[in-house]
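J.: Here you go, one structure.
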Amino acid sequence: MPKPTQLDFNLKGGPRESAAPARPPEPEVLSVSALTRTIRSLIELGVGDVWVEGEVSNLRRQASGHMYFTLKDASSQVACVLFAGQAAQIRGAVVADGAQLQIFGQATVYEARGNYQIIVRRVRERGAGALQAKFDELKRRLADEGLFSQDRKRPLPAFPRRIGVVTSPTGAAIRDFLNVLHRRQKGIGVVIFPVRVQGKGAAAEIAEAVALLGDPAASGIGPVDVIVLTRGGGSLEDLWEFNEEVVARAIGSSAVPVVSAVGHEIDFTIADFAADVRAPTPSAAAEILSADAGELLARLAHLGSRLRRSAVSRFEVLRQRADGFRRTVLFSEPPRRLRQCGQDLDRMSDDLGRGASEPLRARRLVVERASGVLSSHSPAKKIGEALAFLERSRSAMLRCPENRLAVERSLLERNAALLGALNPSAALARGYTLTLDADGRLIRAAAAVSPGQVLTTRFADGTVRSVAG
């Protein structure tokens, strides 16, 4: 068997010395900057200008006009920068989150951070990207099923007493929603169902929250009149949990109406199409679900004025009708008939005086019976009863709106007193205070406070910051 051959090379040239082995040279130690420059040179020389295709995400537009974004595919991503001068020369392609683009540029290294990137010079558009395509496909499929049909949309309650809100309890969306809601109409109950609104598994939490709020027996929370889904704005990836099919089907199966207030006015999600009402922002959702207290009072005053005008108008109609009855023949006929009967009696008395006594008695009996019949059927009695009934009806009609207004006024005063008693500001005015931690959460017990923790104590006329000892 041949033995392996060892080859020795002297890179500096010349014959190999047979003397003792030389001492190994000291390794060359590079600075970070030198290493980064070396790598940059290798990438720029080895890769150079290149075409790359992928999906745009995390797009940032600077005030300088430069654009920074990430180009990614299923397994990798690369940072890209499109400087303002080059961006102004691009035509026919829109750089936006979710767009599928082909870019041409130089592969290099951003030495300050040691990250490799592509300096973009040309851009070609190649479709809407994987996420946008998935969005469009799901939207089309659910629309074909009728999940977005207007016939399925339910009206919102005019005056909801309890609202269920599915959102992150620490986000700005819930603060905006509550501020607008209680500024417009105090006293509306709000149940916050905390969920994650971004990240893997968040869609399942959102769908479960919608199902539980729509089923009071299962949740143990109690019934709500309407459900609000809300979160702040973001990119397509940030809002993607509200584009999942499980969320859309939970909204469609909800037993109570659902309002979607996800993102900003320009953001649209699958949840918006499945919901009964889409609100462009969390604040707009609060305005949709609340009534302005001032407008309600003005409406009540207007309705009361209309009721008074209607009652006065009805009374005037009945009075004119009664005056008309007095001027009719029905009222003038009885006196005339009575005068005629008197004349007939006088004539018959004269005839009886000239006749025999017996015929006189017979005729007197006939006259008496006729007089009795006439008295029993006299219109005057019936007219008197009708006038009395009209008077009673008029009195009852005048009392009805006054009594109704008194009842409504008493109910309004009781509700106003109850709202004033429940107002947290009233409790603060009586000398109570609220202590909050740095995140604005209410501290309910001394055991929840840690030494050194920054606390905010709210009084009726202001706040005081303190540090726990």
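This table checks each residue for (1) surrounded by fewer than 17 Cβ atoms within 10 Å (Cβ to Cβ); (2) among the β-branched types (Val, Ile, Thr); (3) at positive phi.
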residue: GLY222; (1), (2), (3): yes, no, yes
residue: LEU229; (1), (2), (3): no, no, no
residue: ILE251; (1), (2), (3): no, yes, no
residue: SER254; (1), (2), (3): no, no, no
residue: ALA275; (1), (2), (3): no, no, no
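J.: Another one. So, ILE221, is that one assigned by TED's automatic domain parsing to the domain that holds ALA271, β-branched (Val, Ile, Thr), part of a loop (DSSP other than H, G, I, E, B) and in contact (Cβ under 8 Å) with a residue 12 or more places away in the chain or not? It would help to see each step written out before you state the result.
T.: Numbers: assigned by TED's automatic domain parsing to the domain that holds ALA271: yes; β-branched (Val, Ile, Thr): yes; part of a loop (DSSP other than H, G, I, E, B): yes; in contact (Cβ under 8 Å) with a residue 12 or more places away in the chain: yes.
For ILE221, the condition - assigned by TED's automatic domain parsing to the domain that holds ALA271, β-branched (Val, Ile, Thr), part of a loop (DSSP other than H, G, I, E, B) and in contact (Cβ under 8 Å) with a residue 12 or more places away in the chain - is met.
J.: Now a separate question. Could you check, for the range 326-334, whether at least one of its residues is among the β-branched types (Val, Ile, Thr) and modelled with pLDDT of 80 or more?
T.: no
This table checks each residue for (1) under 17 Å from GLY263 (Cα atoms); (2) crowded, with 21+ Cβ neighbours inside 10 Å.
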| site | (1), (2) |
| --- | --- |
| VAL180 | yes, no |
| GLN185 | no, no |
| GLU205 | no, no |
| ASN243 | yes, yes |
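J.: Next up: Test of understanding: among PHE148, PHE104, which residue is touching a helix residue (DSSP H, G or I) at 6+ places or on another chain (Cβ under 7 Å) and surrounded by 14 or more Cβ atoms within 10 Å (Cβ to Cβ)?
T.: Details: PHE104 fails: touching a helix residue (DSSP H, G or I) at 6+ places or on another chain (Cβ under 7 Å).
One residue alone meets the criteria, PHE148.
J.: Which members of the range 230-245 meet the condition of being acidic (Asp, Glu) and in a loop (DSSP other than H, G, I, E, B)?
T.: Looking only at the range 230-245, we keep the residues that are acidic (Asp, Glu), and these are 237-238, 241, 244-245.
GLU237, ASP238, GLU244 - these are the residues of the range 230-245 that are acidic (Asp, Glu) and in a loop (DSSP other than H, G, I, E, B).
Results for (1) of a type outside the set (D, E, K, R); (2) assigned by TED's automatic domain parsing to the domain that holds ILE118; (3) in contact (Cβ under 8 Å) with a residue 12 or more places away in the chain, shown as yes or no for each residue.
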residue: PRO24; (1), (2), (3): yes, no, no
residue: THR38; (1), (2), (3): yes, yes, no
residue: GLY46; (1), (2), (3): yes, yes, no
residue: ASP49; (1), (2), (3): no, yes, yes
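J.: Can I ask one more? Listed residues ILE227, ILE206, ILE251; which is among the aliphatic types (A, V, I, L, M), in contact with a Gly (Cβ under 6 Å, 6 or more places away or on another chain) and outside any loop (DSSP other than H, G, I, E, B)?
T.: ILE227
J.: Go over the candidates PRO216, PRO257, PRO282 one by one and state the one that is touching a strand residue (DSSP E or B) at 6+ places or on another chain (Cβ under 7 Å), farther than 23 Å from GLU145 by Cβ and of a type outside the set (Lys, Arg).
T.: None of the other options fit; the residue is PRO282.
The values are calculated or read from the model by the stated rules, or taken from the named source; none is laboratory data. Source: prediction; values computed, not measured. In this analysis, Cβ positions are derived from the backbone assuming ideal geometry, glycine residues included, and neighbour counts consider all displayed protein chains.
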